[in-house]
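Structure first, commentary second.
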Amino acid sequence: MKIIVSVFLLFAVTFSSFSQTNDLKISELSKEIESKVIEWRRHLHENPELSNREFNTAKYIVKHLNELGLEVQEGVAKTGVVGLLKGDLPGKVVALRADMDALPVTERNDLPFKSLVTSEYNGKKTGVMHACGHDSHVAILMGTAEVLSKMKSKIKGTVKFIFQPAEEGAPKGEEGGAELMVKENVLKNPDVDAIFGLHINSGTDVGTLKYKTGGIMAAAQTFEINIKGKQAHGSRPWTSVDPILTSASIIQGLQTIISREAELTKEGAVITVGVMNGGIRSNIIPESAKLIGTIRTLDYDMQKFINKRMNEMVPAIAKVHRAEATIEISKGLPITYNHIKLTEKMLPTLQRIAGTEKVVKISAITGAEDFSFYQQKVPGMFFFLGGKTLDVKPEDAAGHHTPDFVIDESGFILGVKTMTALTLDYLND
């Protein structure tokens with residue numbers, strides 16, 4: 001027994017010494033490239049591209065990875081880029097992922113690198129903006145690739161850098177995002193053993209990391225309800241079958257699934273109607289109406305129950321109003337589920353790099369992430385990186401997907417250091 005304990009202590013001391021030596025080198029190299037990471041992010045922010053249209057973004061990444069001497073694959077899942085870094089010693093394969101796409105949002109701030117790019121989205125002219133921080137993710141992963149390429153002798157195994165398009169969803173009628181990357185075998189050749197990803201957060205203090213074991217972000221489904229009634233003059237509603245009134249009853253009815261039928265002490269769930277279309281004139285009751293919305297769930301059994309009740313409730317409520325209604329619910333995004341053993345194993349790395357007091361365990365959130373598709377195939381861990389200036393109150397920080405979204409760039413270096421340390425610790429453990 002004493003021999004076993006002695007061997008364990010020797011291993012622990014050796015690994016601790018190894019980690020400390022690596023951490024010093026990681027810190028030194030990360031500091032050296034901090035200004036470049038910020039420069040890359042500003043270039044990307046000023047030149048955003050929508051989902052599945054990240055052509056110039058991909059070229060920018062490819063140029064950098066080629067300069068680092070990595071094996072580079074282009075055109076994965078349309079515009080995706082994969083870089084491969086082989087360490088000097090054999091071992092496992094770890095993947096690191098960053099998403100590349102921007103949003104159809106018109107930027108509203110005075111940044112010197114503000115986006116002035118415009119495009120067309122769903123037939124409407126719009127500004128294009130990195131309003132969710134994907135420019136930061138790309139720059140951080142480019143920085144991580146540079147640091148790790150200078151530490152090849154410390155890498156026991158292989159690192160796969162995945163720069164993914166269309167996290168925000170492919171254009172209508174197209175495939176894209178993590179699901180398509182998995183379909184095109186991004187986790188194969190060589191086979192990935194684990195994957196890590198981060199998301200910068202505008203409401204979290206710079207210097208802070210947030211994590212959760214198990215489900216950290218919700219599954220997301222889209223639903224579309226089409227209601228058919230009977231058109232009539234607005235002055236004679238009794239001659240109509242009113243799809244607007246029917247829509248209102250359906251919206252109210254759907255909310256009772258959450259408030260009265262879903263077991264919310266088990267996990268949270270949300271049904272939101274975000275689009276309501278019907279009618280063209282004040283004095284015409286239209287023939288039809290359409291509702292489009294989202295379902296967010298953190299438990300697959302709850303998701304099945306909610307889907308079942310929606311499919312039962314929608315046509316039944318319409319029938320009460322003498323209307324007809326159909327509902328279609330998409331497969332959507334899976335739950336972003338942090339592999340429990342992997343997350344527990346890597347938690348000491350987060351705490352060592354950021355400081356224990358700066359690593360915060362959170363409750364699950366109802367936002368969604370297509371990183372979940374990778375986690376369905378291999379163990380994965382996804383965490384949040386603080387991007388809020390310390391003197392800004394959380395309630396005053398502009399949210400993601402808004403025109404005023406802004407990120408404190410001083411948080412990027414922690415992102416580089418954390419992703420690098422996770423990689424080395426995982427491969428060398």
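Only the coordinates and a few stated rules stand behind these numbers; no lab work does. Not measured: the values here are computed from a predicted model. Please note: Cβ atoms are built from the backbone with ideal geometry, for glycine as well, and neighbour counts cover all protein chains shown.
Residues of segment 316-352 with amide nitrogen under 17 Å from the 7 Å Cα-to-Cβ point of LYS230? Only 318-325 fall inside the zone, counting backbone N under 17 Å. Taking trypsin sites (Lys or Arg not before Pro) across segment 297-350, the ones in a DSSP loop with at most 11 further Cβ atoms lying within 10 angstrom of their Cβ are LYS331. Legend: calculated FRET efficiency, GLU67 to LEU89, from the Cβ-Cβ distance at R0 = 25 Å, rounded to 0.05, equals 0.55.
Across segment 320-332, coupling constants 3J(HN,Hα) worked out from phi with the 6.51/-1.76/1.60 Karplus curve, θ = phi - 60°, read 4, 8, 6, 9, 10, 8, 10, 9, 10, 10, 6, 5, x Hz, and Gly and Pro carry x. Enter the angle in degrees (range 0 to 90, nearest 10) between the Cα long axis of helix 340-354 and the first principal axis of the Cα atoms of the chain, meaning the one along which they spread out most. Rounded to the nearest ten degrees, it is 60. Could you work out how far the C-alpha centroid of segment 293-343 sits from that of segment 164-206, in angstrom? Centre-to-centre (Cα) distance: 23 Å. Rounded to the nearest 20, the size of the Cβ-charge dipole of the chain about its Cα centre is 740 debye, with Lys and Arg at +1 and Asp and Glu at -1. Summarising the amide proton neighbourhood of MET100: residues at separation of 5 or more, or on other chains, whose placed amide H is nearer than 5 Å comprise GLN164, ALA166, GLU167. For segment 310-406, the square roots of the Cα gyration tensor eigenvalues, ordered a ≥ b ≥ c, give a/c of at least 1.5 with a/b no greater than b/c, which places it in the oblate category. Distances between every pair of Cα atoms in segment 121-179, grouped in 10 Å steps from 0 to the bin holding the largest one, split as 17, 36, 28, 14, 5, 0 percent.
Could you work out how far the C-alpha centroid of segment 129-163 sits from that of segment 252-290, in angstrom? Cα centres, segment 129-163 to segment 252-290: 42 Å. Applying the Karplus relation 6.51 cos²θ - 1.76 cosθ + 1.60 with θ = phi - 60° to segment 363-379 yields 3J(HN,Hα) values of 7, 5, 10, 8, x, 10, 8, 7, 3, 4, 5, 5, 5, 6, 9, 9, x Hz, where x marks Gly and Pro. Each of (i) 58; (ii) 54; (iii) 72 is a candidate for percent of Cα pairs over 28 Å apart; the one calculated from this structure is (ii). Across the chain, the relative contact order, built from alpha-carbon pairs under 8 Å that are at least six residues apart, equals 22 percent. In a reduced charge model with +1 at each Lys and Arg Cβ and -1 at each Asp and Glu Cβ, segment 92-180 shows a dipole moment near 580 debye about its Cα centre. Per residue, the chain reaches -12000 deg cm²/dmol at 222 nm when only DSSP H runs of four or more residues are counted, each adding -39500 (n - 2.57).
For segment 234-321, just say rounded, prolate or oblate: build the C-alpha gyration tensor, square-root its eigenvalues into a ≥ b ≥ c, call rounded for a/c under 1.5, and beyond that prolate if a/b exceeds b/c, oblate if not. The shape class here is prolate.
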